[in-house]
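Participant: Structure provided below as structure tokens; questions to follow.
The values are calculated or read from the model by the stated rules, or taken from the named source; none is laboratory data. Nothing here was measured: the structure is a model prediction, and the numbers come from that model. All Cβ positions, glycine included, derive from the backbone under ideal geometry; neighbour counts span all protein chains shown.
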Amino acid sequence: MRLPRFLLALLLLPGLAFAKAMVSRDGITLTQAQENRAEAIGGQLRCLVCQNESIEESSAGLAKQLRTIIRQQVVQGVPDKQIMHYMVQRYGIFVLLKPPVSPLTWLLYASPFLALGAGGFMFWFGRRGRVGPAAPLSAAEQARLDELLK
């Protein structure tokens, strides 16, 4: 009686190991490698609801839908670049957490330097218009002031 159970356990062991290698997330079953690839892609995309989180970190409904789309495309074997291109075409360059430097994003990357330059210009312009200390009053002016204040 013990031997058949042992043989049954040996037969089921490879199946259990394979089941561990499969991951089910968002209703899609993937291998661990596919899941890692999907997480890497999702980590580069911004949640359009939260805006400061990747879609992998977000719990928003839209982020879940985007994760599902990515996992479906990963299972179909679509290359990473093509998945990213699809997301950018569908949601715009804003969906990327780190947008590439291009004519569309020059202002985005230049804005800290522009703000620093504008602040420096305002500081310089404000200091330039200041008047120095007033000259001391002459004896006649001081006498006139004393007379008016009495």
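Participant: Would you mind stating whether PRO112 is out of contact with any strand residue (DSSP E or B) (no Cβ under 8 Å at 6 or more places or on another chain) and under 29 Å from CYS47 (Cα atoms)?
Facilitator: When the stated conditions are applied, PRO112 passes them.
Participant: Taking the range 38-67, which residues are in contact (Cβ under 8 Å) with a residue 40 or more places away in the chain and either more than 15 Å from LYS98 (Cβ to Cβ) or of a type in the set (A, V, I, L, M, F, W, C) (or both)?
Facilitator: ALA40, ILE41, LEU45, LEU48, ARG67
Participant: How many residues, within the range 32-57, are of a type in the set (Ser, Thr, Tyr) and modelled with pLDDT under 90?
Facilitator: Matching residues across the range 32-57 total 0.
Participant: Scan the range 73-121 for residues that are touching a helix residue (DSSP H, G or I) at 6+ places or on another chain (Cβ under 8 Å), in contact (Cβ under 8 Å) with a residue 40 or more places away in the chain, part of a helix (DSSP H, G or I) and closer than 17 Å to ALA63 by Cβ and jot them down.
Facilitator: Result: VAL74, ILE83, MET84, MET87, VAL95.
Participant: Inside the range 37-61, can you point out the residues that are surrounded by fewer than 22 Cβ atoms within 10 Å (Cβ to Cβ), within 12 Å of VAL95 (Cβ to Cβ) and touching a Cys at 6+ places or on another chain (Cβ under 7 Å)?
Facilitator: SER54, the sole residue that qualifies.
Participant: Can you find even one residue in the range 124-139 that is touching a strand residue (DSSP E or B) at 6+ places or on another chain (Cβ under 9 Å), surrounded by 11 or more Cβ atoms within 10 Å (Cβ to Cβ) and assigned to a loop (DSSP other than H, G, I, E, B)?
Facilitator: no
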